[in-house]
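Contents: one structure, followed by commentary.
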Amino acid sequence: MSAGRAVIGSKNGGMAEMLGEEECGLLIDPDKPKTIVAALKKMIENPQLRYRFGQLAREKVLREYSWDRIGARTEEVYSTIIDHWPKA
């Protein structure tokens, strides 16, 4: 995604969250090989779709996974833990 390339990812696990509702790539059922083949074929036969997914994927990575954004999220988690840590 960060390289601006379309992604085919599994519906299971973190890629589903990263790709959203197929806004940046295609989601497949990893237990069904025919869905993998169909997704690859769709990407190969649709250069405009590949290009659009690639652009959207790159934009999402820059927007959602920048160092500033990840740093802020990490700081929020640590602050929450510290705030709820039992006081001795």
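The values are calculated or read from the model by the stated rules, or taken from the named source; none is laboratory data. Quantities reported herein were computed from a predicted structural model and do not represent experimental measurements. All Cβ positions, glycine included, derive from the backbone under ideal geometry; neighbour counts span all protein chains shown.
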Practice problem: All but one of (1) in contact with a Ser or Thr (Cβ under 9 Å, 6 or more places away or on another chain); (2) at pLDDT below 90 hold for LEU27, so report the exception by its number. | Solution: (2)
Quiz prompt | Qualifying positions in region 60-88 - among the basic types (Lys, Arg) and within 19 Å of the chain's Cα centre (by Cα) | solution = LYS60, ARG63, ARG69, ARG73
Quiz item: Yes or no: ALA72 at pLDDT below 90 and over 21 Å from ALA6 (Cα atoms)?
Solution: no
